[in-house]
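To start, the structure under review is shown below, and the notes come after it.
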Amino acid sequence: MKRLAAEVLAEMLAGYGVTHVFMVPAVVRRTFVEMERRTKIHRIHCHGEKAAAYMADGYARASGKPGVCMAQVVGALNLAAGLRDAWLARSPIIAITGGRDPKTKFRGVYQEVDDMPSFEPVTKYNATVDDAARIPDMLRHAFRVAVSGSPGPVHLQFRGNEGQLDAEEAEMDGLVETQFAAVPPWRPAADEKDLKALLEQLEGATRPVIVAGGGVRASRAAAELLSFADALHIPVATSLNGKDSIPGTHPLSAGVVGTYSREAANRVVARADFVLFIGTATGGMTTHFWAVPKIGVPAAQIDIDPEALGRNYPLKVAILADARRALARLSKLAQERTRRDRSQWMAEIGDIRKAYYGKYKLQLESNAVPIHPGRICGELSKHVPEDGIVVVDTGHAGMWMGGMYDLRSLKQGYMRSAGHLGWAFPAGLGAKAACPDRPVITFTGDAGFWYHIGELETAVRWKLNAITLVNNNSSGNQSKRGFDRVYGGQQTERGKELWTYTRQNFAKIAEDIGALGIRVEKPAEIGPALQQALKADRPVVIDVVTDIDALAPVALANVAVRE
Ligand SMILES: Cc1ncc(C[n+]2csc(CCOP(=O)(O)OP(=O)(O)O)c2C)c(N)n1
């Protein structure tokens with residue numbers, strides 16, 4: 001029996017558990033009508049395609065379910081640009097765009113270029129859907145690819161500049177494979193002999209460390225990670241993507257290692273005589289460009305992606321498995337063995353942690369006016385609720401929060417821009433869409449906030465009640481050091497034209513748009529502002545006026561290793 005493609009598409013998306021789609025019209029118009037008629041899917045109509053992609057990304061990272069975003073042909077490249085962060089962070093997204101029609105292509109059709117090559121570097125699967133009958137199987141494949149292995153974005157280009165293919169009829173099954181509705185669809189087990197070899201290596205090590213990445217998060221393996229680390233007394237450092245795999249308050253937590261990092265973590269990892277990488281691509285940001293730890297350190301790795309294993313660090317043991325399953329089995333096997341005394345290493349970890357908090361106390365508790373951003377991190381560590389999700393932009397935002405913010409429990413979440421300035425604010429709205437019952441608090445600089453400030457109106461209209469805290473120093477002051485350098489020491493007064501802005505009051509702008517705006521000028525006001533925001537049940541912007549001269553700590557490299 002023939003059915004209207006739009007009906008089948010709307011029903012299939014609902015069948016996969018999609019609750020929101022993020023888009024700028026006009027694309028698959030008829031499907032939106034069928035969504036209204038047949039499903040509860042919210043059609044979040046945004047102000048820009050890049051922001052729509054970031055919202056889908058935030059939705060995906062908060063829920064583990066693919067985020068869906070859409071654009072008509074002329075907005076397709078804007079959407080592709082927004083997939084870049086998801087690609088880098090391995091976040092599952094399904095992007096649907098309008099495309100070309102064989103009947104008219106190459107004739108100078110209004111608004112049309114060949115968008116397909118632009119999606120190639122930022123997707124795992126990039127395909128054209130030319131016949132309505134193919135929508136079901138290609139959508140199923142899109143879900144399958146997005147969530148399988150190391151997750152990532154996929155792109156389907158529907159025939160017609162607005163993807164009008166959805167208005168056609170065809171024979172369609174509409175079958176949904178719910179196994180692929182979220183990450184991970186499978187939990188492959190590790191080879192027992194590899195796990196035993198790893199335990200041998202760990203037993204032989206005096207100062208082992210675990211570096212946990214986004215794969216631990218994707219596998220929802222944090223509890224198993226902690227049991228294993230606790231059982232064998234192994235400290236845990238994380239990548240920025242893996243930050244919510246261990247509370248910062250846990251005595252085995254070293255912090256985020258690498259470039260946007262905590263110096264305690266770089267110290268611990270540099271001191272280690274054995275490194276176990278779990279669910280991390282061992283990329284430049286996590287390893288401070290392969291300096292922490294140094295290449296050649298005895299290492300093992302657990303990953304679901306065979307191509308990640310040993311890619312940057314030669315391995316003693318390479319384990320292909322789902323992180324949660326491997327860690328659960330490792331904990332079990334570890335119970336059957338004698339455990340090595342690590343009291344000296346544990347004492348050292350305690351000392352390194354203490355030294356870090358001692359050194360940064362001045363910033364975390366700073367009473368300076370204008371406010372020091374370290375104090376914001378200190379206040380957030382205290383005030384983010386037990387089930388709160390924190391969403392963080394890149395640049396100094398990533399450095400301040402990656403290094404200085406502490407999660408207090410495994411129920412709290414942490415997500416961060418994989419490098420794109422301006423990602424966090426829309427991603428926070430997407431996270432709130434995915435998890436309406438959890439508080440979402442976004443930390444962004446003002447440069448980051450300016451990118452998609454128009455989406456405040458989207459937040460108000462759709463009641464995406466996220467809290468956005470703006471570290472407002474009227475500049476992108478991460479650029480200061482770089483411009484000082486190229487000016488040969490200290491930049492000229494005019495050099496500041498390259499990274500400063502006019503002073504603005506974002507609380508006022510927020511109020512004008514219909515959100516709650518709170519301006520904070522004194523450190524003691526941060527806590528009460530957060531409490532007020534958490535009770536507001538509206539989108540909130542907390543505009544914190546901060547010190548333009550406060551620069552985030554740079555990564556500790558070349559850590560002296562003394563025996
Ligand atoms: C898309 C994109 N463009 C440019 C950059 C480079 N960049 C990184 S941080 C930054 C300035 C950040 O300013 P702001 O968000 O205000 O935070 P601040 O450094 O002032 O704390 C820039 C331009 C980037 N990361 N991403």
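Computed from the coordinates by the stated procedures, all read-outs in this text should not be read as laboratory data. From a predicted model like this one, the values you see are computed outputs, not experimental measurements. Glycine also receives a Cβ, built like all others from the backbone with ideal geometry; neighbour counts cover every protein chain displayed.
Using Cβ point charges alone (K and R +1, D and E -1), the dipole size of the stretch 198-251 about the Cα centre works out to roughly 240 debye.
Label sites at Val369 and Thr206, each approximated as a point 7 angstrom past Cα along Cα to Cβ, lie 5.3 nm apart.
In terms of surrounding Cβ atoms within a 10 Å radius of their Cβ, Ser417, Ser331 rank from fewest to most as Ser331, Ser417.
Translational diffusion of the chain, estimated by Stokes-Einstein from the Kirkwood radius over alpha carbon pairs at 20 °C in a medium of 1.002 mPa s, is 88 µm² per second. Straight-distance candidates among the aspartates and glutamates for linking to Lys535, with alpha-carbon spacing under 16 Å and chain neighbours fewer than 8 residues away dropped: Glu386, Asp387, Asp437, Glu525.
Residue-wise HN-Hα couplings along the stretch 249-255, as the Karplus relation 6.51 cos²θ - 1.76 cosθ + 1.60 with θ = phi - 60° gives them from phi, are 7, 5, x, 8, 7, 8, x Hz; Gly and Pro carry x. With the charge dipole of the stretch 22-89 set up from +1 on Lys and Arg Cβ and -1 on Asp and Glu Cβ about the Cα centre, the Cα lying farthest toward the positive end among the listed residues Ala86, Gly67, Gly48 is that of Gly67. Close amide-amide hydrogen proximity is noted between Gly413 and Gly388, Ile389, Val390, each under 5 Å apart and 5 or more residues distant or on a separate chain (H modeled in the peptide plane; Pro and chain starts excluded). Here is how the number arises for the chain: DSSP H runs of 4 or more residues each give -39500 (n - 2.57), the sum is divided by the residue count, and the result at 222 nm is -11500 deg cm²/dmol. Of the residues Leu13, Thr286, Pro539, the one whose Cα sits farthest toward the positive end of the charge dipole of the chain, with +1 on the Cβ of Lys and Arg and -1 on the Cβ of Asp and Glu, is Thr286.
The packing ranking, built from the mean of other Cβ atoms within 10 Å per residue, places the peptides 498-505, 362-369, 509-516 in the order 509-516, 362-369, 498-505, highest first. 3J(HN,Hα) couplings calculated from phi for the stretch 128-144 with the Karplus curve 6.51 cos²θ - 1.76 cosθ + 1.60 (θ = phi - 60°) are, in sequence order, 9, 10, 9, 10, 4, 4, 8, 4, x, 6, 6, 5, 4, 5, 4, 4, 4 Hz; Gly and Pro show x. Counting only Cβ charges, +1 for Lys and Arg and -1 for Asp and Glu, the dipole size of the chain around its Cα centre is about 940 debye. When peptides 239-251, 439-451 are ranked by their average number of other Cβ atoms within 10 Å per residue, the highest-first order is 439-451, 239-251. The alpha-carbon atoms of the stretch 235-317, seen along their principal axes, cover 32, 23, 20 angstrom, with the largest extent given first. Dipole orientation for the chain: of the candidates Gly98, Tyr357, Gly514, Tyr357 has the Cα lying most toward the positive pole (charges on Cβ; Lys, Arg +1; Asp, Glu -1). Between amide H atoms placed 1.01 Å from N, distances below 5 Å from Thr394 occur with Ser417, Gly422, Trp423, Ala424, all of them 5 or more places distant or on a separate chain.
Look at Cys435, Cys377, Cys46, Cys69 and count the other Cβ atoms within 10 Å of each Cβ; fewest to most, that gives Cys435, Cys377, Cys46, Cys69. Cβ crowding within 10 Å, taken as a proxy for footprinting-reagent exposure, orders Thr546, Thr338, Thr104 from fewest neighbours to most as Thr338, Thr104, Thr546. Look at the alpha carbon pairs under 8 Å that are at least 6 residues apart: their mean separation over the length of the chain gives a relative contact order of 13 percent. Across the stretch 468-482, rounded Karplus estimates of 3J(HN,Hα) from the backbone phi angles (6.51 cos²θ - 1.76 cosθ + 1.60, θ = phi - 60°) give 10, 9, 9, 7, 9, 10, 6, 6, x, 6, 5, 6, 4, 4, x Hz, Gly and Pro being marked x. Distance between the pseudo-spin-label points of Ala223 and His42 (7 Å out from Cα toward the beta carbon): 2.8 nm.
Based on the Cβ-Cβ distance of Arg339 and Arg107, what FRET efficiency does E = 1/(1 + (r/R0)^6) give at R0 = 51 Å, to the nearest 0.05? E(calc), rounded to 0.05, equals 0.10.
Near the amide H of Val520, within less than 5 Å, lie the amide hydrogens of Asp543, Val544, Val545, all on another chain or at least 5 residues away, with H placed in the peptide plane. Shape annotation for the stretch 188-228: C-alpha extents along the principal axes are 29, 24, 16 Å, from largest to smallest.
For Lys193, the aspartates and glutamates whose Cα falls under 18 Å of its own Cα, not counting residues fewer than eight places away in the same chain, are Glu203, Asp303, Asp322, Glu336.
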